[in-house]
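Student: Handing you this structure, nothing more for now.
The values are calculated or read from the model by the stated rules, or taken from the named source; none is laboratory data. Note that the structure is a prediction, hence the values are computed from the model and not measured. Methodologically, a virtual Cβ is constructed for each residue, glycine included, from the backbone with ideal geometry; neighbour enumeration extends over all protein chains shown.
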Amino acid sequence: MGLFNGIDIAGTGLSAQRLRMDVISNNIANINTTRTSNGSYFKKSNVILRPRDDERVYNSPFLPEALKSGPGNGVKVIEIKESYDLPRLVYDPEHPDAIQSGPKKGYVEYPNINIVGEMVDMITASRAYEANVVSIQNSKAMFNKALEIGK
């Protein structure tokens with residue numbers, strides 16, 4: 001494990017958690033959006049994360065096997081996926097986006113977003129972001145102490 005691997009791993013966590021917070025904020029901001037540019041109600045988005053185990057920074061044949069199969073290299077965003085949840089139906093025949101015909105006549109389709117769940121996700125993303133910041137600060141403090149020892 002190299003000198004800056006911990007900082008690199010925490011950096012991937014910072015960018016992933018920042019993206020999660022942005023997507024969650026977008027979900028909360030559009031909780032009452034009944035029509036998007038494609039004509040349907042807003043669909044909640046989720047960030048899909050995976051470990052970066054398949055990416056090797058140094059893929060040299062001269063490295064010992066113990067270094068080649070290390071604990072991990074951080075996290076990466078696989079995709080931002082729309083939810084397939086059914087819409088929340090609210091009866092409001094005066095609304096401009098109300099369904100005009102069929103068995104759902106007079107109902108408006110709203111996104112099926114649970115504000116409490118979104119806030120819990122926002123708090124966990126925020127705490128994970130803070131944990132990665134603390135990890136970088138601790139690595140920096142260790143580097144400074146190591147430099148002081150060399151004086």
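Student: Of a type in the set (Lys, Arg), surrounded by 11 or more Cβ atoms within 10 Å (Cβ to Cβ), modelled with pLDDT of 90 or more and touching a helix residue (DSSP H, G or I) at 6+ places or on another chain (Cβ under 9 Å) - does that describe any residue in region 82-103?
Tutor: No, region 82-103 has no match at all.
Student: Tally up the residues in region 16-50 that are assigned to a helix (DSSP H, G or I) and touching a residue at least 24 places away in the same chain (Cβ under 8 Å), please.
Tutor: Number satisfying all stated conditions: 11.
Student: Taking the residues in region 26-51 that are within 11 Å of the chain's Cα centre (by Cα) and surrounded by 13 or more Cβ atoms within 10 Å (Cβ to Cβ) as candidates, determine which candidate is farthest from Ile78 (Cα to Cα).
Tutor: Residue satisfying both the conditions and the ranking: Ser45.
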